[in-house]
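Taking it in order: structure first as structure tokens, then the write-up.
Please treat every number below as a calculation from the coordinates, not as lab data. Given the structure is predicted, the values throughout are model-derived calculations rather than measurements. Because the Cβ atoms are built from the backbone with ideal geometry, glycine has one as well, and the counts that use them run over all protein chains shown.
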Amino acid sequence: MDKAAVICARLIREGSVRRAALPDLDLLDVRQEVEQRLRWVGLVLSFTVYSEHVGVRLSSEVAADPAFDKATNAGIGEDHCALLAICWVRLVFPKRTRGTLPEPPDWALFLHRPRRWYQPVQLPLDVLHRLQSSALGGRGRIRNLTSKLRQSNFLSGQGEIILEGPLLELGIDGEVMVDSIRRSILPALQGERDRDEMEPGAGEGRSEAAVPLQGLEAQVLAVLRRRGGSAAMGELSRVIESPAVRLRKVLRSLEDAGYVRRTGDRASTRYHLVVR
Amino acid sequence: MKEKTSSRKTEPYDPLPPDPDRRGWNALAGWLAQPAPEEAPPLAAVRELEPLQSLLHALAGRSARGFLIRSAVLEALVQSTRPGFSQEDLDRALDWLTGPVRKEVIQQLHQVGWLGFDPDAGHFLTEAGRCVYEMLAFLRQLLLEGNSLPPAIRVVRLALDGGLDPLGPLQSLRLRLLGLRQEIDSAMATYSEAVLRRTAERIGSNLKHSDEIRTLLDMVQDLSAAREVAGEIRTLLARVHGASAWLAAAIEEVRRQSVPLEAGLTLEDIFQEAARRSREELAAVGRAALLPVFIPPPLVQTEALIRVAMSRLPLSALRPPEEPES
């Protein structure tokens, strides 16, 4: 059997295959032959730099039929779609934030091949349950939804740990997701930060100085607000990615200025946003 | 010559590291599976490199700055193109060093044997010194060219034009092509537009030599081993060409989808904000982003089914039920 036929057979049988397992797909004539064969049966080759897999999906001619529904085709419902969006943000969006790291000099690229920057992210079922139970139902319901998405190859991982599956990249349009984050989530976060920074010091028990808060202090207030107004040191340290020793000083100054109230002691200490 | 004075305090120069373990070829037996090192072809092939150990040891020294100074001194002495140096000539060629450091470096170079002294000619660069300089020049060229193909192509051409066995040079060319192919994968795994672009430029400039490589490969006819490697090079060249198309698509994709995080914003913030959205909003986003995926049809092959069944079920469950005795 020729190379293109074998590749097509594997792709149709498995849905997605690791790129490294199909070295012949590098050869332009083989790739063109594969694409042509797939096109004959209403499929197209699916590739993204963000995935180690290459897969197939239905061609636009097939999907353009008005009766065609992408979710029904994938065998998933509304709740699955909602869960997919959340999992995408947690598990694969971090790859898209790479551009901010400094680039290595030329000689460094020669001596040390650029290393895989991205460590696969995990999403514990517990976290999903804590954040989404009100929207998607109890633990059993979320487990069922996850299980279906695992069967369909959108997710992987076993038991309580959810990992990215090949289709989370190949079956979800990254541009649409990124566009949604840029349009909706980032402006909301920016708005919150602006509000935190411009927060006047006129609150109950606060000092009279109306100096906008900046830097770590503003971040601490923003995180407290997002956590429903209360958080423990461990959470703050993890989210802000700053050591507890440093945060303790910041929190003390926020407490003195009347922005934050502390309850509990030692391990049970919690910090609360003072409501104006 | 008047010493240059500097208001800065001169730091002590990098002393030579302690003498390395001088045991070499004759002391290898303790580490080998066979009694004689000659019986291991890779070891036999590198035997003549033994004298380089002391040269490299003296060159590397203890610190990078000492290494840079020694390399620069060699560079200065070679560039001056003199066969020998009086003390004054040396001072002039190395006047970019402070007096005490210059003195120590020259002493050190004499000590390691890179500089010699002849009463008539003065100080001169020895064979060992020239050897180290040439090694450095070669390594510098390698750093500049990376996995680039032209040096390997030149060597293949030299071998073919001179009627020499081209197998070694062809293998080197194949390795470089393999390196280029791996470079593409490594660059793609960084998700960095800058790295991807630079890799694409490097690959593109190397692939300009494809026709030249193909012409050379057509000239390889005699040896079957060399012909086999030539065939592999043709395939690899085609693979690098094809993979560079992945690279072009990757650059465009990364350009459109990169989201640099502004100062203070974390991935956790974004996740928490997304998780706060309503089920309807999340479902709408997920649905809009969903592509028409292809779900593979379940294909059952009898042999595979039996294999899975045997691995999962107890043997008793697979036996046909016994016929009741009539």
Under the Karplus relation 6.51 cos²θ - 1.76 cosθ + 1.60, θ = phi - 60°, what is the ordered set of whole-Hz ³J(HN,Hα) values for region B:30-36, x standing for Gly and Pro?
-> x, 9, 10, 6, 9, x, 10
Rounded if a/c under 1.5, otherwise prolate or oblate - region B:188-326, Cα gyration tensor axes | oblate
Please report how many Lys pairs in the protein assembly as shown have alpha carbons closer than 17 angstrom, counting only residues at least 8 apart along the chain or sitting on separate chains.
-> 4
How far, in degrees from 0 to 90, does helix B:302-312 lean away from the longest principal axis of the Cα atoms of chain B, to the nearest 10?
-> 80 degrees
Quick note, region B:218-287: a/c under 1.5 would make it rounded; otherwise a/b > b/c is prolate and the rest oblate (a ≥ b ≥ c, C-alpha gyration tensor); here it is prolate
Listed with the fewest Cβ neighbours within 10 Å leading, A:CYS81, B:CYS131 appear as B:CYS131, A:CYS81
Check A:ILE162: other-chain or 5+ apart residues with amide H under 5 Å from its amide H, H built from backbone geometry?
-> A:LEU123, A:LEU125
For peptide A:57-70, the mean count of other chain Cβ atoms within 10 Å per residue Cβ is 2
Jot down the radius of gyration and Dmax of chain B, Cα atoms only, both in angstrom.
-> 32.1, 122
Along the positive direction of the dipole of region B:85-130 (beta-carbon charges: Lys, Arg +1; Asp, Glu -1; about the Cα centre), which of B:GLY116, B:TRP96, B:SER86 reaches farthest?
-> B:TRP96
Which order do the peptides B:48-54, B:109-115 take when ranked by the mean count of other beta-carbon atoms within 10 Å per residue, highest first?
-> B:109-115, B:48-54
For region A:1-91, run through the chymotrypsin sites (Phe, Trp or Tyr not before Pro) and keep only the ones in DSSP coil with at most 13 other Cβ atoms within 10 Å of their Cβ.
-> A:PHE68
What is the pair-distance distribution P(r) of the protein assembly as shown, computed from all Cα-Cα distances in 10 Å bins starting at 0, with each bin given as a whole percent?
-> 3, 11, 15, 17, 16, 16, 13, 7, 2, 0, 0, 0, 0
Long-range amide H partners of A:VAL260 with built H, under 5 Å = A:GLU255, A:VAL274
Between the helical axis of B:150-161 and the dominant principal axis of chain B, each derived from Cα atoms, what acute angle in degrees is found, rounded to the nearest 10?
-> 80 degrees
Convert each backbone phi in region A:82-88 into a coupling constant with the Karplus relation 6.51 cos²θ - 1.76 cosθ + 1.60 (shift: θ = phi - 60°), then list the ³J(HN,Hα) values in order as whole Hz, x for Gly and Pro.
-> 5, 5, 4, 4, 5, 5, 4
Enumerate the amide H contacts of A:LEU43 below 5 Å, restricted to partners 5 or more residues apart or on another chain; note that Pro and chain-start residues carry no placed amide H.
-> A:SER59
Hz values of 3J(HN,Hα) by residue in region A:5-10 - Karplus curve (6.51, -1.76, 1.60), Gly and Pro given as x = 5, 5, 4, 4, 4, 5
So the angle from the long Cα axis of helix B:193-207 to the longest Cα principal axis of chain B, reported in degrees to the nearest 10, equals 70 degrees
Provide a whole-number value for the mean count of partner chain Cβ atoms within 10 Å of the Cβ atoms in peptide A:221-227.
-> 2
Return B:VAL220, A:VAL41 ranked ascending by Cβ neighbour count within 10 Å, so the fewest neighbours appear first.
-> A:VAL41, B:VAL220
Rounded if a/c under 1.5, otherwise prolate or oblate - region B:130-200, Cα gyration tensor axes | oblate
Which order do peptides A:143-156, B:84-97 fall in by mean Cβ count within 10 Å, highest first?
-> A:143-156, B:84-97
The size of the Cβ-based charge dipole (Lys, Arg +1; Asp, Glu -1) of region B:154-240 about the Cα centre, to the nearest 20 debye, is 240 debye
With no solvent and one equal point scatterer placed on each C-alpha of region B:54-188, evaluate the Debye formula and give log10 I(q)/I(0) for q = 0.09, 0.15, 0.22 Å⁻¹, two decimals.
-> -0.41, -0.82, -1.23
On average, how many beta carbons from a partner chain sit within 10 Å of the beta carbon of a residue in A:26-38?
-> 3
